[in-house]
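The values are calculated or read from the model by the stated rules, or taken from the named source; none is laboratory data. Please read all numbers here as calculations on a predicted model, not as lab measurements. Please note: Cβ atoms are built from the backbone with ideal geometry, for glycine as well, and neighbour counts cover all protein chains shown.
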Amino acid sequence: MLEAARCIVVRDLLVAWRRRSDVATALLFFVIVTSLFPLGIGAEPELLRSIAPGVIWVAALLSCMLSLGRLFAADHSDGTLEQLLLSSAPLGVIAAAKALAHWLVSGLPLVLIAPLIALQYDLPAPLYPVLALSLLLGTPVLSLIGAIGAALTLGLRGGGVLLSLLVLPLYVPVLIMGAGSVDMAAAGLAPDGQLLLLAALLIVAAAFAPWAIAAALRISME
Amino acid sequence: MGGYGLYVWGAYGVTFLLIGVEIALLVNRSRKCSETKT
Amino acid sequence: MTAQSVKWFWYASPQTFYPVAGVIARWCGAAAAVLCAAGLYIGLLVAPTDAQQGEAYRIIFIHVPAAWMSMFIYVVMAFWAAIGLAFNTRLSHMMASALAPTGALFTFIALWTGSFWGKPTWGTWWVWDARLTSELILLFLYFGFMALQAAIDDRRRAERAGALLAIVGVVNVPIIYYSVQWWNTLHQGASVSLTRAPSMAATMLTGMLVMALAFWMYSIAVTLLRVRCLILENR
């Protein structure tokens with residue numbers, strides 16, 4: 001079972017490596033979006049410092065969502081997905097492995113890039129660890145929940161936009177807790193509550209999302 | 001309505017208007033599908 | 001297979017259910033009209049004027065029942081979705097699909113009336129308070145369900161995909177509600193909140209309950225009519 005999971009993660013990472021530009025584009029999107037806000041709102045440092053957590057988190061949400069299309073599409077078009085459905089490994093494990101690979105490629109880099117963006121927004125340095133930790137806990141949840149949406153909208157016309165409509169409302173708690181934790185830290189209070197809730201969301205998502213993803217894949221592939 | 005007429009009737013009015021629209025659309029749909037599919 | 005279980009699945013047949021739905025719809029529709037008249041009478045004529053908000057508070061007789069219905073319908077929708085996935089009965093899926101538009105309607109009404117209540121009391125057309133924000137997200141959830149079902153041509157896949165989405169959604173609704181409530185208290189403080197209705201005189205509560213019942217009867221009637229259409233359209 002773990003062997004199958006390892007196989008899939010390695011394979012997905014290899015495929016992502018071979019299509020580096022796809023991955024890089026999504027990350028570039030994250031950077032570009034965060035650059036747009038000062039251009040639209042004004043570059044006053046006080047203002048930027050206060051909106052930074054929210055902006056970074058919303059950009060992370062959107063970037064993660066954009067890359068969800070790639071999760072199952074390639075496998076679906078070349079028939080791999082059918083084989084995965086027929087394999088002896090539990091489909092939930094396979095789904096979790098794919099979500100993990102997706103997070104490693106689309107979510108983890110955001111955690112690493114975010115401090116640079118925070119620098120642009122003049123966020124005080126002590127807040128960087130909180131920001132990074134909130135993203136570290138939150139982005140896997142985004143990948144897991146997003147994968148459910150990606151599985152449900154497999155092969156549909158208007159898939160990308162429809163996926164956004166389905167998935168963004170479900171992202172709201174993660175956004176609130178993630179941005180909220182940094183806001184709390186910025187106000188001088190302990191962000192423990194929000195971070196623990198993010199961890200709880202992660203545990204619940206990790207426990208239940210794979211089975212929802214598997215069910216969604218079966219529904220979409222009949 | 002003590003000066004709040006716009007708000008109260010605006011709220012109630014749109015509510016019952018939308019309910020009426022929903023009923024009208026349903027009646028129309030009901031008529032269409034019982035006509036074509038007998 | 002006991003006689004009891006046979007009876008349930010008897011009504012799960014669309015053909016059998018069709019006339020039953022019609023009868024129930026007619027009675028519920030009549031009940032809705034009566035209850036609505038009673039509720040409006042209580043709300044607009046009998047209930048006393050509020051000391052703080054004047055006549056504007058009368059909007060709660062629509063706003064609160066609509067908000068209750070919007071959430072109740074979503075749960076019922078998810079219930080039928082789960083039954084449909086578990087027992088593979090088409091009628092259950094049709095019930096879920098039929099509930100969505102009415103649920104979305106009540107959500108919109110809750111938002112609209114909430115906005116119209118907010119303007120005279122708080123001065124703005126939109127208030128980012130916990131209930132309105134949660135209702136807005138609930139509206140997106142309803143739209144997502146309807147959009148997903150509309151985007152899939154294969155009816156069976158559409159029903160089952162929507163069902164899964166509804167179940168995932170219903171699990172998330174409490175999480176969304178509580179996180180929005182937390183967010184609201186952090187950012188706005190308790191002063192700006194539509195959730196603080198005027199202290200409830202007995203007549204006000206009665207009016208709200210009667211209107212809620214009216215909306216409930218209305219929802220049943222409209223949903224069953226819609227299910228009848230779905231049954232005919234999917235023969």
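Points worth noting:
- Among the residues of the range C:106-133, those that are crowded, with 24+ Cβ neighbours inside 10 Å and under 27 Å from residue C:164 (Cβ atoms) comprise C:106, C:107, C:110.
- Matching residues, the range C:115-149, being farther than 19 Å from residue C:174 by Cα, more than 15 Å from the chain's Cα centre (by Cα) and in contact (Cβ under 8 Å) with a residue 12 or more places away in the chain: C:115, C:116, C:117, C:118, C:120, C:121, C:122, C:127, C:148, C:149
- Residues in the range A:51-88 that are over 17 Å from residue A:221 (Cβ atoms), without any contact (Cβ under 8 Å) to a residue 60 or more places away in the chain and assigned to a helix (DSSP H, G or I): A:59, A:62, A:63, A:70.
- Selection of the range C:112-138 for residues being among the acidic types (Asp, Glu) and in a helix (DSSP H, G or I) yields only C:135.
- Answer from A:66, A:61, A:36 - the residue that is over 20 Å from residue A:168 (Cα atoms) and either in contact with a Leu (Cβ under 9 Å, 6 or more places away or on another chain) or surrounded by fewer than 22 Cβ atoms within 10 Å (Cβ to Cβ) (or both): A:36
Rundown of residues vs (1) within 14 Å of chain B (Cβ to nearest Cβ); (2) under 23 Å from the mean Cα position of the chain (by Cα); (3) not polar (S, T, N, Q), yes/no style:
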residue	(1), (2), (3)
C:26	yes, yes, yes
C:39	yes, yes, yes
C:47	yes, no, yes
C:90	no, yes, yes
C:93	no, yes, yes
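- The residues on offer are C:78, C:100, and the sole one that is touching a residue at least 12 places away in the same chain (Cβ under 8 Å), out of contact with any strand residue (DSSP E or B) (no Cβ under 9 Å at 6 or more places or on another chain) and over 18 Å from residue B:19 (Cα atoms) is C:78.
- Scan of the range B:1-36 for residues that are more than 7 Å from chain C (Cβ to nearest Cβ) and basic (Lys, Arg), ordered by number: B:31, B:32
- Selection status of residue A:100, part of a helix (DSSP H, G or I) and surrounded by fewer than 14 Cβ atoms within 10 Å (Cβ to Cβ): no
- The set of residues in the range A:150-169 that are part of a helix (DSSP H, G or I), within 11 Å of chain C (Cβ to nearest Cβ) and under 21 Å from residue C:137 (Cα atoms) comprises A:152, A:159, A:161, A:162, A:163, A:164, A:165, A:166, A:167, A:168, A:169.
- Taking the criterion of being small (Gly, Ala, Ser) and either touching a strand residue (DSSP E or B) at 6+ places or on another chain (Cβ under 6 Å) or not in a helix (DSSP H, G or I) (or both), the only residue of the range C:53-75 that qualifies is C:54.
- Filter result for residue A:207 (part of a helix (DSSP H, G or I) and closer than 30 Å to residue A:86 by Cβ): yes
- Against the list (1) more than 18 Å from residue C:76 (Cα to Cα); (2) touching a His at 6+ places or on another chain (Cβ under 8 Å), the condition residue C:160 fails is (1).
- Residues of the range C:142-172 that turn out to be hydrophobic (A, V, I, L, M, F, W, C), more than 7 Å from chain A (Cβ to nearest Cβ) and over 17 Å from residue A:171 (Cβ atoms), as a count: 6
- The range B:14-38, residues that are of a type in the set (Gly, Ala, Ser) and surrounded by 12 or more Cβ atoms within 10 Å (Cβ to Cβ): B:30, B:34
- Against the conditions (1) crowded, with 19+ Cβ neighbours inside 10 Å; (2) free of Cβ contacts under 8 Å to residues at least 40 places away in the same chain, residue C:156 satisfies every one except (1).
- Candidates A:23, A:31, filtered to the one that is at pLDDT 90 or above and either aliphatic (A, V, I, L, M) or over 30 Å from residue A:186 (Cα atoms) (or both): A:31
- Among the residues of the range A:181-193, the one identified as within 10 Å of chain C (Cβ to nearest Cβ), in a helix (DSSP H, G or I) and among the hydrophobic types (A, V, I, L, M, F, W, C) is A:184.
- Going through (1) farther than 16 Å from residue A:55 by Cβ; (2) without any contact (Cβ under 8 Å) to a residue 12 or more places away in the chain; (3) within 13 Å of chain C (Cβ to nearest Cβ) one by one, residue A:147 falls short only on (2).
- The number of residues in the range A:119-136 being assigned to a helix (DSSP H, G or I), within 22 Å of residue A:26 (Cβ to Cβ), touching a Leu at 6+ places or on another chain (Cβ under 9 Å) and modelled with pLDDT under 95 comes to 1.
- Only residues that are buried (at least 22 other Cβ atoms within 10 Å of the Cβ) and away from chain C (no Cβ under 11 Å) were counted across the range A:194-222, and they come to 2.
- Residue pairs whose Cβ atoms lie under 6 Å apart, separated by 6 or more positions or on different chains, with the first residue in the range C:56-70 and farther than 13 Å from residue C:213 by Cα and the second not in a helix (DSSP H, G or I), are C:56/B:4; C:57/C:50; C:57/C:198; C:60/C:197.
- Some residue of the range A:128-138 being within 15 Å of the chain's Cα centre (by Cα), within 14 Å of another protein chain (Cβ to nearest Cβ), under 26 Å from residue A:70 (Cα atoms) and crowded, with 20+ Cβ neighbours inside 10 Å: yes
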